[in-house]
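Student: Below is one structure. I have some questions about it.
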Amino acid sequence: MLFVLAGILGFITIAGLGFAFAGGDSAQAKAAKRAQVIAKGGERQASVRAKAAASTPDARRQAILKALKDQERKQKKASLSIAARLQAAGLGENVKMFWIVSGVLGLFVAMIILLLGQSPLVAIGAGFAAGAGLPRWVLGFLANGRTQKFTAAFADAVDIIVRGIKSGLPVHDCLKIIGKECPEPLAGEFRILTENVAMGVPMDAALEKMYERMPTNELRFFSIVLAIQQKTGGNLAEALGNLSTVLRARKLMKEKIKALSAEAVASAFIIGCLPPGVVTLISVTSPAYMAPMFTDPRGHLMLLVSAVWMSIGIFVMRNMINFKF
């Protein structure tokens, strides 16, 4: 009996020593577990602090500034392409047709100049100017006119969204009202926007496509406000109301700048039109006096140099009176 008890006590002793040295949680293991628990709690607190910091006014301003810089880079890239100008003018995206029309127009003008008895150099210059310059000028004129109409009515569209949200309507229904009630091209662009959203396109992606078709600062501000509101929450009606106030203030500032710079614009227009006008008048009143300018090679060279210098002067004056804000 004593032998059995001694064996049991020996087994318990050996098992206890083994458990103490090899099994169970040592002090270091317990300390490591406590450290992990504390670290996880610190991570949770850090994530909570990061979310709280992201919702502060400074963080929102930084996010808006970053989004504005990204949108500005995209706008600069888009405004230089023919496809973007065609979309802004509402002419689709057929860039190949634009280049075909430009080439045909250039060849037609060059042939007309040759049939009038002018030198091939003059015909090539006139054909290049007509093919490369005139279509671009017409496209830019159409795009600017359509963009101005869009911008002029955009503040009213934002007010419609604000009143609809305050009355309890969803944002999508407010956008549909804009597509029905507002003038073109604003109504057409918002109809395309609502159709894209109805087909399952996210709002930010649909606004991005709309910005590609109509790259204006007002639309950029609108898309940024919606994006920030979706991420951080807040009163959308109040944010859009503030945006409408800013847009109307920008419009008023633009009109003031236009009034103050009217004299400089008129002076630049008169100075730019004076040399061609004088040459035309002299050619009509005294054709023999101006004939060597158009028949002699030295006159052709003088006309070419004059055209280059006039182009440089018009470009400089245009940049001096072109106020961007």
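Student: How many residues are hydroxyl-bearing (S, T, Y) and exposed (fewer than 13 other Cβ atoms within 10 Å of the Cβ) if we restrict to segment 246-271?
Tutor: From segment 246-271, those hydroxyl-bearing (S, T, Y) are 261, 267; that's our starting set.
Checking the rest, the ones that are also exposed (fewer than 13 other Cβ atoms within 10 Å of the Cβ) come to 267.
Qualifying residue count, segment 246-271: 1.
Student: Kindly provide the set of residues from segment 144-193 that are over 18 Å from E208 (Cβ atoms), touching a helix residue (DSSP H, G or I) at 6+ places or on another chain (Cβ under 9 Å) and hydroxyl-bearing (S, T, Y), ordered by number.
Tutor: Answer for segment 144-193, where residues must be over 18 Å from E208 (Cβ atoms), touching a helix residue (DSSP H, G or I) at 6+ places or on another chain (Cβ under 9 Å) and hydroxyl-bearing (S, T, Y): just T151.
Student: Got a sec? Which of P215, P275 is touching a residue at least 24 places away in the same chain (Cβ under 8 Å), part of a loop (DSSP other than H, G, I, E, B) and either in the same structural domain as A143 (by TED's automatic domain parsing) or of a type outside the set (A, V, I, L, M, F, W, C) (or both)?
Tutor: None of the others qualify; the one that does is P215.
Student: Here's a follow-up. Determine, yes or no, whether D159 is under 16 Å from S223 (Cα atoms), among the charged types (D, E, K, R) and more than 19 Å from the chain's Cα centre (by Cα). I'd like the intermediate steps shown before the answer.
Tutor: Details: under 16 Å from S223 (Cα atoms): yes; among the charged types (D, E, K, R): yes; more than 19 Å from the chain's Cα centre (by Cα): yes.
In short, yes.
Student: Moving to a separate point now. Condition check: hydroxyl-bearing (S, T, Y), in a helix (DSSP H, G or I) and surrounded by 15 or more Cβ atoms within 10 Å (Cβ to Cβ). Does S223 satisfy that?
Tutor: Details: hydroxyl-bearing (S, T, Y): yes; in a helix (DSSP H, G or I): yes; surrounded by 15 or more Cβ atoms within 10 Å (Cβ to Cβ): yes.
Answer is yes for this residue.
Student: For segment 199-212, how many residues meet the condition of being assigned to a helix (DSSP H, G or I) and free of Cβ contacts under 8 Å to residues at least 24 places away in the same chain?
Tutor: Initially, segment 199-212 is screened for residues assigned to a helix (DSSP H, G or I), giving 203-212.
Next, only the ones that are free of Cβ contacts under 8 Å to residues at least 24 places away in the same chain stay: 205-210.
Qualifying residue count, segment 199-212: 6.
Student: Quick check: anything in segment 177-189 modelled with pLDDT under 85, outside any helix (DSSP H, G or I), surrounded by fewer than 19 Cβ atoms within 10 Å (Cβ to Cβ) and within 16 Å of the chain's Cα centre (by Cα)?
Tutor: no
Student: When you look at S244, is it touching a Leu at 6+ places or on another chain (Cβ under 6 Å) and closer than 17 Å to A157 by Cβ, yes or no? Even if it seems obvious, please write down each step before you answer.
Tutor: Numbers: touching a Leu at 6+ places or on another chain (Cβ under 6 Å): no; closer than 17 Å to A157 by Cβ: yes.
So S244 fails the test.
Student: Now for a separate question. Can you tell which of I270, I314, I257 is assigned to a helix (DSSP H, G or I) and at pLDDT below 80? Even if it seems obvious, please write down each step before you answer.
Tutor: On the way: I270 fails: at pLDDT below 80; I257 fails: at pLDDT below 80.
The conditions single out I314.
Student: Does any residue in segment 83-102 that is in the same structural domain as F150 (by TED's automatic domain parsing) and within 18 Å of W137 (Cβ to Cβ) come within less than 6 Å, Cβ to Cβ, of a residue that is of a type in the set (S, T, N, Q) and surrounded by 13 or more Cβ atoms within 10 Å (Cβ to Cβ) six or more places away or on a different chain, and which pairs are these?
Tutor: Here the result reads A88/T147, each pair linking segment 83-102 to a residue that is of a type in the set (S, T, N, Q) and surrounded by 13 or more Cβ atoms within 10 Å (Cβ to Cβ).
Student: Does A288 count as more than 26 Å from S167 (Cβ to Cβ) and of a type outside the set (K, R)?
Tutor: The answer is yes for A288.
Student: Failed condition for N235, given (1) outside the structural domain of V197 (by TED's automatic domain parsing); (2) more than 30 Å from A129 (Cβ to Cβ), with all others met?
Tutor: The failed condition is (1).
Student: Show the residue pairs that are 6+ apart or on different chains and have beta-carbon atoms under 8 Å apart, the first residue being within segment 156-183 and free of Cβ contacts under 8 Å to residues at least 12 places away in the same chain, the second being small (G, A, S).
Tutor: Going by the 8 Å Cβ cut-off, the qualifying pairs are D173/G164; K180/A187.
Student: Shifting gears a bit: Out of (1) surrounded by fewer than 14 Cβ atoms within 10 Å (Cβ to Cβ); (2) modelled with pLDDT of 85 or more, the odd one out for K231 is which?
Tutor: It is condition (2) that K231 fails.
The values are calculated or read from the model by the stated rules, or taken from the named source; none is laboratory data. Quantities reported herein were computed from a predicted structural model and do not represent experimental measurements. A quick note on method: Cβ atoms are made from the backbone with ideal geometry, for glycine too, and the neighbour counts reach across all protein chains shown.
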